[in-house]
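A short write-up of the structure that comes next.
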Amino acid sequence: KEQMQFLDNWILKNEKEYGKYNNRVPHFVQRYNDVFTGVFFLFYIAYAICGLSDITDGIVARKTNSDSEFGAKLDTIADFVFAAAAIIKLLPIIPVPKWAWLWICTIAVIKTANIIFVFICKKRFAPLHTNLNKLTGLLLFIFPFVLNFARLEYCLVILCSVATLSAIWEGYCIIQRE
């Protein structure tokens, strides 16, 4: 129930406009309907469009032989901006436990160390697009949608576990290339 606390606050504020929950409708379906009304609906539409365009741009570039090193770097920067914007908008309204914050910070430190190591060794920005990084990106993309139906703690454990493995694997791949 904690994972829905941020929605409860918003729903209570707008209860007059949307009315009380209908007891005949299963709770999660009602939550789903509440989330996809008003402001949240617009957010989810914009979020889905950005995420899907991010997924398809690399595929289209490879199929049309228009991929480039610059495109890969630009994609990484766009991924970072997209993730930062989503984090800035979502985390203030999601009650993330302290243990998860520590885990997220640890992942950020590992990822930052990987970027610095590559920059020091190669004197350039060279992000890796490993399958685990892509899986982490996919899990990050579906995270807001899944929160409507799953416990926050379970989502965080899965997401942080994959992100940790991804960051460690990325570091291993960087060291192997050197």
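Miscellaneous remarks
- For the range 119-178, accessible area per residue (1.4 Å probe, heavy atoms of protein chains only), Å²: 58
- Accessible surface for the range 59-109, divided over its residues, is 73 Å² per residue with a 1.4 Å probe.
- Listed peptides 62-74, 131-143 by packing density, highest first (mean Cβ within 10 Å): 131-143, 62-74
- Cross-link pairs exceeding 32 Å between alpha carbons, from the set K63/K123; K89/K122; K98/K122; K63/K89; K89/K111: K89/K122; K98/K122; K63/K89.
- Nonpolar atom fraction for the range 38-175, defined as the carbon and sulfur part of the 1.4 Å probe accessible area, stands at 78 percent.
The values are calculated or read from the model by the stated rules, or taken from the named source; none is laboratory data. Since the model is a prediction, treat every value here as computed from it, not as a measurement. Glycine gets a Cβ as well: all are built from the backbone with ideal geometry, and neighbour counts include every protein chain shown. The accessibility values were calculated without ligands, DNA or RNA, using every heavy atom of the protein model including side chains. Shrake-Rupley method; radii C 1.70, N 1.55, O 1.52, S 1.80 Å.
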